[in-house]
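What follows draws every value from the coordinates through simple rules; no lab data is involved. This one's a predicted model, so the numbers in the text were calculated from it and none came from an experiment.
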Amino acid sequence: MANDGGTAGPSSRPPWVAVLVAACVVVGVGVVVAIAALFMGPSPQPPAPGPTPGTAGAAAPSSAPSQAYALNDPLPFTARPVWHAGPSAEYRLTAAPDELRYVSDAGCRLSFRAGPLQAGGSASPSRTTAAPSSASASPTLLSPDPQTAATRGALADAIAAERKASSSVEVTEQGLVVVTTLGSEDGPLVDMAGAALKVAHADGTVTYMRLAVRAVPSAQSSVAIAAECPKPEQAATAMNHASVHAYLADR
């Protein structure tokens, strides 16, 4: 007859052993999850640096108009500005100071002019004998902001002055923007309205001109650069050269 009172099998383990094993498993899983979260979570961001001593409350510099003056930005002049220009050695100064004029051996001429506003309200730094151009009243040249409108009107008057002084003038390109600087050659940029002209003279010669004009209503004046050469590509290069080597400043 079999003896039922022998050694107890696995099924006879006390209940507290199973509870202990389950608790250990739960604790182990929690530790693994915590470690994974520690390594996979987002890195803490360093705090933003505080203001440098002496600069607390200082405003960030504005990009406009301190760095650039578009056609609709008023220039900071209350008196007529003057040109300072120093083209390369290929150009020789032939007139100064009221109108800077340069000539080159290649037959190019550069001029930098400043003049008063005309009685009609537009400014013309061109020849004083020029009559106001009817083109300055053309709807295609008007602008809703007075600064751009004054500059475009001044450009139209400068073109009219060239027409009066020459046998004929053909505007070959308009709506150009020429950039010069304010205060120094590396100062803030200043946009000027530009145009390209084909000019026929009384002696039968033909030249090509680039004009750049900027009105300064606050100073009741305007300023202009003119580059005139035997060929159109020479005139374009001469205008770029002139604008890079010139700047506007107070008297």
Extension gain, residue 185 back to residue 88 (0.36 nm per residue minus Cα-Cα distance, nm)
33.5 nm
For a quick check: with amide H placed at 1.01 Å from N, whose amide H comes under 5 Å from residue 221's, ignoring anything fewer than 5 positions away on the same chain?
117, 216
Need the full-extension length gain, residue 237 to residue 106, defined as separation in residues times 0.36 nm minus the C-alpha distance. One decimal, nm.
46.0 nm
